[in-house]
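Have a look at the structure below, then the notes.
The values are calculated or read from the model by the stated rules, or taken from the named source; none is laboratory data. Small disclaimer: the values here were computed from a predicted structure and weren't measured. All Cβ positions, glycine included, derive from the backbone under ideal geometry; neighbour counts span all protein chains shown. Only protein heavy atoms, including side chains, enter the accessible area calculation; ligands, DNA and RNA are left aside. Shrake-Rupley method; radii C 1.70, N 1.55, O 1.52, S 1.80 Å.
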Amino acid sequence: YDGPAEWAEPVAAALRRVVDPEVALDMVDIGLVYGVHVQDRRVRVALTMTSAACPVAEVVCDDARAELAAVLPPGWAVAVDLVWEPAWTPQRMSPRARQLMGW
């Protein structure tokens, strides 16, 4: 997270409400959030998927935009960038996610 401290938790909470329907876990626990930048009434989030062939990538990105817009004041801009570098690996998962998946 790069931005004002007062937005760190609301933004993180919004992203935790976005669930990857393929694994039924939130994108933060899965390790899909690569970066968040908040500045000048703009939020930019870099996300990845577990696979470049992910059929729900747009759904997840749209959900992230909607959840962020719901916690931000009117007029703020939200950008969600789908990135593939570096490639996602299971090591990015939180201990909670690993436990829930039996890893």
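A few points about this structure:
- Exclusive hit being open to solvent by 20 Å² or more (accessible area, probe 1.4 Å), in contact (Cβ under 8 Å) with a residue 40 or more places away in the chain and within 13 Å of the chain's Cα centre (by Cα), set A13, A46, A79, A66: A13
- Screening the stretch 24-47 for residues that are small (G, A, S) and out of contact with any Ser or Thr (no Cβ under 9 Å at 6 or more places or on another chain) and picking the one that is farthest from A8 (Cα to Cα) gives A24.
- Residue match in the stretch 53-60 (condition: modelled with pLDDT under 95, touching a strand residue (DSSP E or B) at 6+ places or on another chain (Cβ under 8 Å) and of a type in the set (G, A, S)): yes
- Note on the stretch 16-43: among residues that are within 18 Å of E85 (Cβ to Cβ) and within 11 Å of the chain's Cα centre (by Cα), the one that is most open to solvent (accessible area, probe 1.4 Å) is Y34.
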